[in-house]
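Some notes on the structure that comes next.
The values are calculated or read from the model by the stated rules, or taken from the named source; none is laboratory data. Please read all numbers here as calculations on a predicted model, not as lab measurements. Here the Cβ positions follow ideal geometry from the backbone for every residue, glycine too, while neighbour counts run over all protein chains shown. These area figures cover heavy atoms from the full protein model, side chains too; ligands, DNA and RNA do not enter into them. Shrake-Rupley method; radii C 1.70, N 1.55, O 1.52, S 1.80 Å.
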Amino acid sequence: RLLWNKDRPKEEEALSDWIKIELEAALAGKAIVLNREVQIHIKERTDIHVDAITQDLHTKELDRLKLIIEVKGCWHPELKTAMETQLLGRYLTDNDCRYGIYLVGWFLCTVWSKKDSRIKRLKFTKRQQLAAYLSKQAHQLSSGDNLIRSVVLDASIPWVKPRGAKGK
């Protein structure tokens with residue numbers, strides 16, 4: 001319900017909202033703050049901004065670690081390039097945040113209506129191919145202080161036999 005409008009995936013904003021909600025539930029009670037659409041530069045807003053408070057074991061001093069999560073739907077026209085141009089080039093540059101996750105929601109399944117124009121924009125037909133491509137790209141872009149990881153989240157709906165269909 002939160003990710004699909006019947007036979008069409010919801011927009012990336014809904015996916016980002018859902019991810020934030022799920023992370024908040026999983027990380028409840030931790031010294032972690034999750035925010036949506038945080039402005040880090042003029043006209044630059046991150047999908048999900050994570051701040052974690054850590055304490056040095058020896059000095060007991062507190063520190064803050066930051067992570068930016070850039071969220072894309074598998075149909076996004078800049079799917080292959082936005083990890084470098086957007087996450088690294090705009091969000092992790094001239095910023096005190098050095099950690100990023102490029103998260104892609106994978107929606108391709110038989111439920112997705114062929115009438116939805118976004119399905120024609122897919123650059124990959126298999127989730128594993130996309131995951132391998134992005135993992136390699138994240139490894140290549142991680143250098144110096146910057147560390148980038150990729151995640152392909154399976155948001156597809158498994159095929160369900162329609163009501164009244166007769167099986168063998």
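Identify all residues within the stretch 91-132 that are of a type in the set (Ser, Thr, Tyr), closer than 26 Å to residue 143 by Cα and assigned to a helix (DSSP H, G or I); write none if there are none.
Keep residues of the stretch 91-132 that are of a type in the set (Ser, Thr, Tyr), which gives 91, 93, 99, 102, 110, 113, 117, 125.
Pick out the ones that are also closer than 26 Å to residue 143 by Cα and you get 91, 93, 99, 102.
Answer for the stretch 91-132, where residues must be of a type in the set (Ser, Thr, Tyr), closer than 26 Å to residue 143 by Cα and assigned to a helix (DSSP H, G or I): just 91.
How many residues, within the stretch 100-143, are hydrophobic (A, V, I, L, M, F, W, C) and under 21 Å from residue 69 (Cβ atoms)?
Here is the first cut: in the stretch 100-143, the residues hydrophobic (A, V, I, L, M, F, W, C) are 101, 103-104, 106-109, 111-112, 119, 122, 124, 130-132, 134, 138, 141.
Filter again for under 21 Å from residue 69 (Cβ atoms), leaving 101, 103-104, 106-107, 124, 130-132, 134, 138, 141.
Within the stretch 100-143, residues that are hydrophobic (A, V, I, L, M, F, W, C) and under 21 Å from residue 69 (Cβ atoms) number 12.
Residues are listed down the side, and each one gets a yes or a no for (1) in contact with a Cys (Cβ under 9 Å, 6 or more places away or on another chain); (2) under 25 Å from residue 45 (Cβ atoms); (3) touching a residue at least 40 places away in the same chain (Cβ under 8 Å):
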position: 77; (1), (2), (3): no, yes, yes
position: 101; (1), (2), (3): no, yes, yes
position: 104; (1), (2), (3): yes, yes, yes
position: 118; (1), (2), (3): yes, yes, yes
position: 122; (1), (2), (3): yes, no, yes
position: 133; (1), (2), (3): no, no, yes
position: 148; (1), (2), (3): no, yes, yes
position: 157; (1), (2), (3): yes, no, yes
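When residues of the stretch 54-90 are filtered for being in a strand (DSSP E or B), of a type in the set (S, T, N, Q) and open to solvent by 80 Å² or more (accessible area, probe 1.4 Å), how many remain?
1
Please indicate, with yes or no, whether at least one residue in the stretch 11-28 is under 25 Å from residue 65 (Cα atoms), free of Cβ contacts under 8 Å to residues at least 12 places away in the same chain, hydrophobic (A, V, I, L, M, F, W, C) and assigned to a strand (DSSP E or B).
For the stretch 11-28, residues under 25 Å from residue 65 (Cα atoms), free of Cβ contacts under 8 Å to residues at least 12 places away in the same chain, hydrophobic (A, V, I, L, M, F, W, C) and assigned to a strand (DSSP E or B): absent.
Which residues, counting only those in the stretch 140-158, are touching a strand residue (DSSP E or B) at 6+ places or on another chain (Cβ under 7 Å), farther than 18 Å from residue 81 by Cβ and open to solvent by 30 Å² or more (accessible area, probe 1.4 Å)?
147, 153, 154, 156, 157
Regarding residue 33, is this residue part of a strand (DSSP E or B), touching a Leu at 6+ places or on another chain (Cβ under 6 Å) and either of a type outside the set (Asp, Glu) or within 30 Å of residue 158 (Cα to Cα) (or both)?
Judged against the criteria, residue 33 is not a match.
Does any residue of the stretch 97-108 turn out to be over 30 Å from residue 125 (Cβ atoms), surrounded by 13 or more Cβ atoms within 10 Å (Cβ to Cβ), of a type in the set (A, V, I, L, M, F, W, C) and touching a Phe, Trp or Tyr at 6+ places or on another chain (Cβ under 6 Å)?
no
Name the one entry in 128, 137 that is free of Cβ contacts under 8 Å to residues at least 12 places away in the same chain and either more than 24 Å from residue 17 (Cα to Cα) or open to solvent by 70 Å² or more (accessible area, probe 1.4 Å) (or both).
Details: 137 fails: free of Cβ contacts under 8 Å to residues at least 12 places away in the same chain.
Only one candidate passes the filter, namely 128.
Could you tell me how many of the residues in the stretch 13-49 are of a type outside the set (Gly, Ala, Ser), surrounded by 17 or more Cβ atoms within 10 Å (Cβ to Cβ) and at pLDDT 90 or above?
Counting residues in the stretch 13-49 that are of a type outside the set (Gly, Ala, Ser), surrounded by 17 or more Cβ atoms within 10 Å (Cβ to Cβ) and at pLDDT 90 or above gives 5.
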